[in-house]
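In what follows, a single structure is set out as structure tokens and then discussed.
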Amino acid sequence: KLGMAYKKDDNFGEWYSEVVVNSEMIEYYDISGCYILRPWAMEIWELLKEFFDAEIKKLKLKPYYFPLFVTENVLQKEKDHIEGFAPEVAWVTKSGKSELEAPIAIRPTSETVMYPYFSKWIRSHRDLPLRCNQWCNVVRWEFSNPTPFIRSREFLWQEGHTAFATKEEADEEVLQILELYRRIYEEFLAVPVSKGRKSEMEKFAGGLYTTSVEAFIPNTGRGIQGATSHCLGQNFAKMFDITFENEKGAREMVWQNSWAYTTRSVILTPYLIENLLSVLHKLFFLIMYRFLQIGVMVMTHGDDKGLVLPPRVAPIQVIVIPVPYKDADTTAIKGACESAVYTLNESGFRADLDTRENYSPGWKYSHWEMKGVPLRIEIGPKDLANKQVRIVRRDNGAKVDIPVDNLVDEVKALLDDIQANLLKTAKEKRDACIEVIHTWDEFTIALNNKRLILAPWCDEEEVEKDVKTRTKGDLGAAKTLCTPFDQPELPEGTLCFASGKPAKKWSFWGRSY
Ligand SMILES: O=C1CCCN[C@@H]1CCCn1cnc2cc(F)c(Cl)cc2c1=O
Ligand SMILES: [Mg+2]
């Protein structure tokens with residue numbers, strides 16, 4: 001399908017839905033809540049996984065795979081940590097025609113699966129640190145209101161679970177992992193994020209504190225939590241009796257972290273909020289977000305011609321298209337295309353060519369623009385005669401003719417420039433949305449102007465709850481997104497915008513997904 005029916009700035013939700021379909025990222029499946037991830041999405045996921053996996057191996061993480069299933073009594077062990085989550089748990093109750101003696105849960109996250117074995121494996125300080133990461137799927141049957149129920153059944157993620165002898169080691173790793181998440185967003189997806197700490201109300205209830213990277217979508221004025229890195233303190237050590245004998249022979253509880261490259265548990269995409277289309281469509285986005293957080297990249301960089309992929313995650317970075325004229329030497333042109341692809345692949349670029357006879361060059365230009373390929377190379381008779389190629393950038397449409405001999409250097413320079421340009425543009429757009437406010441009136445005006453709000457806060461949970469109550473509405477209430485580590489100056493006497501009490505910190509507030 002060529003061309004977009006919807007414009008990004010006119011109808012964001014529809015535009016988004018069309019882009020991820022037309023770019024052949026995912027396909028509907030006939031069980032609601034399940035989706036087929038097609039190569040154009042899976043290849044991006046695999047590029048991100050390759051980077052993240054290599055980096056955590058440097059941090060001595062070991063790969064594990066724990067069972068998909070967890071018994072009821074083990075799952076129930078975490079009443080406080082799973083309170084509120086219980087309706088999300090999917091259960092296996094039968095095999096064939098016969099009922100199981102006891103229902104078995106499908107993991108919604110793996111704390112209760114893993115930690116009884118952490119308790120068994122950790123005896124002495126010599127068994128620490130324990131560093132476990134698994135790449136797997138998890139199932140959560142989420143319903144979210146007020147939009148008519150939404151189910152996301154299964155998504156892929158990595159979940160890291162680590163145990164240390166001291167809090168200092170745990171605190172350090174939380175930030176090391178958070179930096180990797182920042183790099184995934186800013187260096188690969190070219191999406192600017194803010195590192196910060198979640199409030200007591202927004203953090204993972206089972207943990208000690210939560211840090212996150214927060215993205216923002218200017219079109220909808222909503223924040224999106226990108227990934228989370230929790231310090232669990234000794235809470236789970238107490239619940240699961242995960243203790244070790246220290247050097248002095250005394251018994252101590254371990255300090256733990258858990259972190260996931262995942263998305264918020266309930267993502268109401270702009271689509272769900274603004275365009276109540278069929279349930280199928282809604283599930284589609286939830287999965288899109290869940291699986292890959294690629295939704296943020298699509299929204300950040302996409303335009304009215306379709307996807308715009310940052311080169312570092314583009315499954316194809318350069319597409320070479322022959323432009324044959326009727327009487328031209330099509331064989332020579334095709335040969336030039338093949339050698340250009342060969343040269344680029346040899347130099348480590350992901351290049352491919354589209355020599356399909358049944359499509360015109362024009363059709364191919366639109367097709368590969370829709371899929372967001374960063375560079376297109378056209379080779380026609382004139383280019384052949386002049387020993388040059390024409391290169392067209394997807395991000396700004398610029399065309400440049402370059403000598404074949406400079407192909408590799410030019411392509412490298414262009415791809416690097418595209419990667420940097422996408423992040424720079426996204427950062428400028430995001431920063432233009434940030435509004436520093438000091439009073440409640442300024443806050444409500446900024447909120448309605450779809451701004452990312454930076455406000456002085458007294459850090460009291462009651463006030464956070466009060467802001468939610470006072471901003472309740474069909475677009476969702478305002479909430480704290482994070483307290484950025486990078487704190488602006490807080491002049492003596494600055495008052496909290498919502499309570500008038502002495503402010504303790506600057507926090508990002510806004511509506512979110
Ligand atoms: O976010 C992470 C990083 C990776 C490991 N997990 C933590 C916390 C997950 C919270 N959470 C999130 N969703 C859940 C859904 C459930 F059905 C149940 Cl039983 C529990 C939970 C739950 O604990
Ligand atoms: Mg959830």
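Taken together, the values in this text are just the output of simple stated rules run on the coordinates, not laboratory data. Because the structure is a prediction, the values reported are computed rather than measured. Glycine gets a Cβ as well: all are built from the backbone with ideal geometry, and neighbour counts include every protein chain shown.
Observations on the model:
- Of all DSSP-defined beta bridges confined to the stretch 379-470, some 60% are antiparallel rather than parallel.
- Size descriptor, Kirkwood hydrodynamic radius, that averages inverse alpha-carbon separations across the stretch 297-394, Å: 13.8
- Cα gyration tensor shape of the stretch 392-513, rounded if a/c is under 1.5, else prolate or oblate by comparing a/b with b/c: prolate
- Longest DSSP-loop-exposure-free segment, GluC sites (Glu not before Pro), the chain, at most 14 other Cβ within 10 Å: 358-488
- By the count of other C-beta atoms within 10 Å, a proxy for reagent exposure, H367, H125, H230 are ordered fewest to most as H125, H367, H230.
- Rounded to the nearest 20, the Cβ-based charge dipole of the chain about its Cα centre (Lys and Arg +1, Asp and Glu -1) stands at 540 debye.
- For the stretch 346-360, the Karplus equation 6.51 cos²θ - 1.76 cosθ + 1.60, evaluated at θ = phi - 60°, returns couplings of 4, 8, x, 9, 8, 10, 8, 10, 10, 9, 4, 6, 8, 10, 7 Hz by residue, with Gly and Pro reported as x.
- Listed values for the stretch 365-371 are Karplus-derived 3J(HN,Hα) couplings in whole Hz (6.51 cos²θ - 1.76 cosθ + 1.60, θ = phi - 60°), namely 4, 5, 4, 6, 5, 4, 7, and x replaces Gly and Pro.
- Coordinate range of the alpha-carbon atoms in the chain per principal axis, descending: 84, 57, 52 Å.
- P(r) weight above 13 Å for the stretch 33-77, C-alpha pairs, percent: 73
- Taking trypsin sites (Lys or Arg not before Pro) in DSSP loop states with no more than 15 other Cβ atoms inside 10 Å as exposed sites, the chain has its longest site-free stretch at 124-247.
- If you take the Cα centroid of the stretch 438-513 and the Cα centroid of the stretch 194-249, the two points sit 21 Å apart.
- In the stretch 2-75, Cα pairs under 8 Å separated by at least six residues give a relative contact order of 15 percent.
- Fully extending the segment from Y342 to L475 would add 42.8 nm, taking 0.36 nm per residue of separation and subtracting the current Cα-Cα distance.
- Evaluated with a Cβ-only charge set (Lys, Arg +1; Asp, Glu -1), the stretch 341-419 carries a dipole of roughly 260 debye about its Cα centre, given to the nearest 20.
- Estimated from helical segments only, the mean residue ellipticity of the chain at 222 nm is -10500 deg cm²/dmol, where each DSSP H run of four or more residues counts as -39500 (n - 2.57).
- For the stretch 447-454, 3J(HN,Hα) per residue [Karplus equation, 6.51 cos²θ - 1.76 cosθ + 1.60, θ = phi - 60°, Hz, x = Gly/Pro]: 4, 6, 8, 6, 8, 8, 9, 10
- The ranking of W45, W457, W255, W363 by Cβ neighbour count inside 10 Å, starting from the fewest, reads W363, W45, W457, W255.
- Cα point-scatterer Debye curve for the stretch 1-116, base-10 log of I(q)/I(0) at q = 0.14 Å⁻¹: -0.95
- Cysteines of the chain lacking any other cysteine Cβ under 4.7 Å from their own Cβ: C34, C132, C136, C231, C337, C433, C482.
- At 1.567 mPa s and 4 °C, Stokes diffusion of the stretch 386-446 via Kirkwood alpha-carbon radius, µm² per second: 89
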